[in-house]
Amino acid sequence: MKFYIVTPSFRSLTWLPRCVRSVADQANEWIEIHHHVQDGGSEDGTVQWLESWSSKVRDVPGYRFSFSSERDGGMYDAINRAWDLLPEDADVTAHLNSDEQYLPGALQQVAQMFELRRKSDILLGTYIVVDRQNNYVCHRRPVMPRACLSWLNCACITNSSFYRASFFRQKQPRFDTSWRNIGDLVFFHQLAEEKVSFSTIPDVVTSAFVCTGENLAWIASAIEERARWESEVPRALVILNGLIYRWVNLSRIAVDFFCTAPREYLIYDADEEIRRHHSITHPTPLWNASSRNASRSAGGTIS
């Protein structure tokens, strides 16, 4: 099966090499990968690293790497530009941010699930949340997005979302670039309203999300955008949002009850070319306030 993975990048040299390596080592005799990095014109050494990596992996079997570096209208514009280059022979596409990683064998498991779920357009997997030092925070199971519940609560996260390429070519979903911070929320809500065929694969732990404290959905400008989005949301749903938020989280916990708890994960650390093993002593689906506050103190603002 052929995967087309896109990664938006801007001044993210601290994280990008880890992300890129986590995609490259997914390739095997069953899985072919084309990874495209769409950089926003970084001047921090990112372009030089991309050039070096591209040269290094030019002859790796089953793996193709490409990149472009040009000014864009933000992360969502970069992703849209990369998706416009979707190869004709791709079977699955996805996007992985530069501070995220795929876990070992993730794409092979996703490929197997697409073979089993032939009517599904989008698969949603489980992801692990780690802090800036790659320490475990929690894991999050997928729940099925519903149009009425997804106005203000994004039940999906992009690093564990995978799209059948035939659906992508037919429907051509794209991020609304008028939203610079909460585009994920708007994107998945629109897909849910269009009754796209989602399917959850909670037993497949696909990726690691780094809670840096600087994630777009939590910075100050995102709060302003969210307020603007709320003005477009039915008033009753705004009033009921607290209950809806708790319902979505309870749904995650309920799904987790029937799944095997993750006990380890292997991800890349800074400047290392092999994955480092991390044990999970106390697995939990709860992303509590203290862990988010810790990330905020490390650098960033979280609502």
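Things worth noting here:
- Remark: residue 150 matches the filter, which requires a residue to be crowded, with 21+ Cβ neighbours inside 10 Å, free of Cβ contacts under 8 Å to residues at least 60 places away in the same chain and of a type in the set (S, T, N, Q).
- Pairs where the first residue, in segment 34-51, is over 16 Å from residue 85 (Cβ atoms) and outside any helix (DSSP H, G or I) and the second is at pLDDT below 95 and hydroxyl-bearing (Ser, Thr, Tyr), C-beta under 8 Å, 6+ apart: 42/12
- Scanning segment 185-201 for residues that are within 18 Å of residue 78 (Cα to Cα) and either at pLDDT below 95 or among the β-branched types (Val, Ile, Thr) (or both) returns 185, 186.
- Counted as qualifying within segment 58-135 are the strands (runs of 3 or more DSSP E) with 2 or more residues that are within 18 Å of residue 196 (Cβ to Cβ), of a type in the set (A, V, I, L, M, F, W, C) and modelled with pLDDT of 95 or more, namely 92-95, 122-130.
- Complete set of residues in segment 1-29 that are in a helix (DSSP H, G or I) and open to solvent by 30 Å² or more (accessible area, probe 1.4 Å): 21
The values are calculated or read from the model by the stated rules, or taken from the named source; none is laboratory data. Because the structure is a prediction, the values reported are computed rather than measured. Every residue, glycine as well, gets a Cβ built from its backbone with ideal geometry; the counts of neighbours run over all protein chains shown. Each accessible area value is taken on the protein alone, full model and side chains, heavy atoms only, with ligands, DNA and RNA left out. Shrake-Rupley method; radii C 1.70, N 1.55, O 1.52, S 1.80 Å.
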